[in-house]
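Below: one structure, written as structure tokens.
The values are calculated or read from the model by the stated rules, or taken from the named source; none is laboratory data. This structure is a prediction, so every number in the text was calculated from the model and none was measured. Cβ: placed from backbone, ideal geometry, glycine included. Neighbour counts: every protein chain shown. To get the accessible areas, we keep the full protein, side chains included, count just its heavy atoms, and leave off ligands, DNA and RNA. Shrake-Rupley method; radii C 1.70, N 1.55, O 1.52, S 1.80 Å.
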Amino acid sequence: MLTVVTWRWKRPDGSSLFGPEFVNRMRNMLERRLGLPHRLLCLTDDTQGIDPRVECLPLPTEFADTFRCRRRMWQWSRDRASLFGPRFLAIDLDLVLTDDITPIVDRPEPLVMLRIGYANTLSGSFILSDTGALHGAYAAYAADQVGFPKRTGLQNASDQAMLNLWLRGQKVAEWNERRDGFAVFFGAGYERFAHLGVGPTRPQLPKGTRVVVLGSDDLGALTDPRYPWRGEWR
């Protein structure tokens with residue numbers, strides 16, 4: 001049984017970037033697009049409105065007060081096996097599954113990540129991992145929550161940036177955008193890159209797309225009639 005892990009939390013003002021419908025629709029998309037036995041586990045501080053088919057756990061207290069999505073570094077500890085099982089797929093809620101993801105998820109490597117070609121960066125949006133495969137990154141952050149993010153060279157380093165720092169020089173199994181069916185959405189200031197994936201100048205998906213990777217600034221695409229693939233978000 002593969003555990004699919006996602007996160008949802010409130011902002012300091014009590015609002016949430018992702019309503020419960022994002023969790024529910026991810027549950028629906030996985031049922032249509034993942035042919036492996038699986039469970040969806042949501043770490044959240046607000047279960048109201050979430051489909052009972054989704055397993056919810058309270059947000060961990062470790063890293064609770066850290067910047068942005070750094071709190072998700074918690075999931076990479078080797079101690080999570082009792083919650084996640086031996087292997088899990090960590091996904092963002094701002095993804096749209098447009099075709100069968102079974103062929104790209106049903107593989108044996110201990111860690112598989114998507115490389116975003118234009119930025120030459122490993123994405124934090126869709127990660128297949130043996131539990132504990134990234135324990136070193138977790139431990140480095142836990143030991144130095146100020147210094148480790150600074151080592152990325154970014155002022156407000158995300159969990160993705162810290163994972164890239166930790167994995168620098170290491171061999172990681174990778175998904176390729178075109179070969180494996182990932183299409184990055186380029187909007188909100190990145191429109192000039194739309195020809196590389198999907199966006200205002202390229203509303204149709206490249207042939208063979210399985211996963212559309214959106215950014216949190218691009219959620220408007222999910223209700224924009226320019227993008228016919230938005231119908232898969234249901």
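Condition test on ARG151, is it within 30 Å of MET29 (Cα to Cα) and of a type in the set (D, E, K, R)? Don't jump to the end; show me each part of the working.
Values: within 30 Å of MET29 (Cα to Cα): no; of a type in the set (D, E, K, R): yes.
Answer is no for this residue.
Mind checking whether some residue in segment 135-149 is under 27 Å from PHE18 (Cα atoms) and hydroxyl-bearing (Ser, Thr, Tyr)?
Yes.
Go through the residues of segment 41-50 one by one and say whether even a single one is open to solvent by less than 30 Å² (accessible area, probe 1.4 Å), out of contact with any Ser or Thr (no Cβ under 7 Å at 6 or more places or on another chain), at pLDDT 95 or above and closer than 20 Å to LEU128 by Cα.
Among the residues of segment 41-50, at least one is open to solvent by less than 30 Å² (accessible area, probe 1.4 Å), out of contact with any Ser or Thr (no Cβ under 7 Å at 6 or more places or on another chain), at pLDDT 95 or above and closer than 20 Å to LEU128 by Cα, which makes the answer yes.
Being in a loop (DSSP other than H, G, I, E, B) and either at pLDDT 95 or above or open to solvent by less than 30 Å² (accessible area, probe 1.4 Å) (or both): is that true of ASP65 here?
On the way: in a loop (DSSP other than H, G, I, E, B): yes; either at pLDDT 95 or above or open to solvent by less than 30 Å² (accessible area, probe 1.4 Å) (or both): no.
For ASP65, the condition - in a loop (DSSP other than H, G, I, E, B) and either at pLDDT 95 or above or open to solvent by less than 30 Å² (accessible area, probe 1.4 Å) (or both) - is not met.
Among PHE18, PHE22, which is outside any helix (DSSP H, G or I) and in contact (Cβ under 8 Å) with a residue 60 or more places away in the chain?
Values: PHE22 fails: outside any helix (DSSP H, G or I).
Just one listed residue meets the conditions, PHE18.
From (1) farther than 16 Å from VAL105 by Cα; (2) open to solvent by 40 Å² or more (accessible area, probe 1.4 Å); (3) touching a Leu at 6+ places or on another chain (Cβ under 8 Å); (4) of a type outside the set (Val, Ile, Thr), pick out the condition that doesn't hold for ARG33.
Of (1) farther than 16 Å from VAL105 by Cα; (2) open to solvent by 40 Å² or more (accessible area, probe 1.4 Å); (3) touching a Leu at 6+ places or on another chain (Cβ under 8 Å); (4) of a type outside the set (Val, Ile, Thr), only one is false for ARG33: (1).
Do you know which of the residues in segment 176-185 that are touching a residue at least 24 places away in the same chain (Cβ under 8 Å) and open to solvent by 40 Å² or more (accessible area, probe 1.4 Å) is farthest from ASP106 (Cα to Cα)?
Restricting attention to segment 176-185, the residues satisfying the condition of being touching a residue at least 24 places away in the same chain (Cβ under 8 Å) are 176-178, 180-185.
Subsequent filtering for residues that are open to solvent by 40 Å² or more (accessible area, probe 1.4 Å) retains 176, 178.
Working: ASN176: 15, ARG178: 18 Å.
In this case the residue turns out to be ARG178.
Quick check on segment 128-137. Is at least one of its residues more than 24 Å from MET1 (Cβ to Cβ) and modelled with pLDDT of 95 or more?
Just the residues of segment 128-137 that are more than 24 Å from MET1 (Cβ to Cβ), to begin with: 136-137.
Okay, now just the ones that are also modelled with pLDDT of 95 or more, so 136-137.
The answer is yes; a qualifying residue exists.
Please enumerate the residues belonging to segment 186-205 that are open to solvent by 20 Å² or more (accessible area, probe 1.4 Å) and not polar (S, T, N, Q). Working first, answer last.
We begin by selecting, within segment 186-205, every residue open to solvent by 20 Å² or more (accessible area, probe 1.4 Å); these are 188-193, 195-196, 200-205.
Within segment 186-205, ALA188, GLY189, TYR190, GLU191, ARG192, PHE193, HIS195, LEU196, PRO200, ARG202, PRO203, LEU205 meet the criteria.
What tally of residues in segment 207-234 results from selecting those that are surrounded by fewer than 16 Cβ atoms within 10 Å (Cβ to Cβ) and closer than 17 Å to ASP100 by Cβ?
Matching residues across segment 207-234 total 4.
Search segment 85-122 for residues being polar (S, T, N, Q) and in contact with a helix residue (DSSP H, G or I) (Cβ under 7 Å, 6 or more places away or on another chain), and hand back the single one that is nearest to ASP218 (Cα to Cα). Let's see the steps before the verdict.
Kept after step one, since they are polar (S, T, N, Q), are these residues of segment 85-122: 98, 102, 120-121.
When the remaining residues are screened for being in contact with a helix residue (DSSP H, G or I) (Cβ under 7 Å, 6 or more places away or on another chain), the result is 98, 121.
Values: THR98: 17, THR121: 19 Å.
Taking the candidates together, the pick is THR98.
Please determine whether any residue of segment 99-112 is touching an Asp or Glu at 6+ places or on another chain (Cβ under 8 Å) and closer than 20 Å to VAL23 by Cβ.
no
With LEU95, LEU17 as the choices, which residue is surrounded by fewer than 16 Cβ atoms within 10 Å (Cβ to Cβ) and closer than 25 Å to GLY197 by Cα?
Values: LEU95 fails: surrounded by fewer than 16 Cβ atoms within 10 Å (Cβ to Cβ).
After ruling out the rest, the residue left standing is LEU17.
Small (Gly, Ala, Ser) and surrounded by 15 or more Cβ atoms within 10 Å (Cβ to Cβ): which single residue out of ALA143, ALA173, ALA119, ALA157 fits that description? Write out each step before concluding.
Details: ALA143 fails: surrounded by 15 or more Cβ atoms within 10 Å (Cβ to Cβ); ALA173 fails: surrounded by 15 or more Cβ atoms within 10 Å (Cβ to Cβ); ALA119 fails: surrounded by 15 or more Cβ atoms within 10 Å (Cβ to Cβ).
When all the criteria are applied, what remains is ALA157.
Right, LEU17: over 30 Å from ARG179 (Cβ atoms) and modelled with pLDDT under 95 or not?
Details: over 30 Å from ARG179 (Cβ atoms): yes; modelled with pLDDT under 95: yes.
Spelling it out, LEU17 is indeed over 30 Å from ARG179 (Cβ atoms) and modelled with pLDDT under 95.
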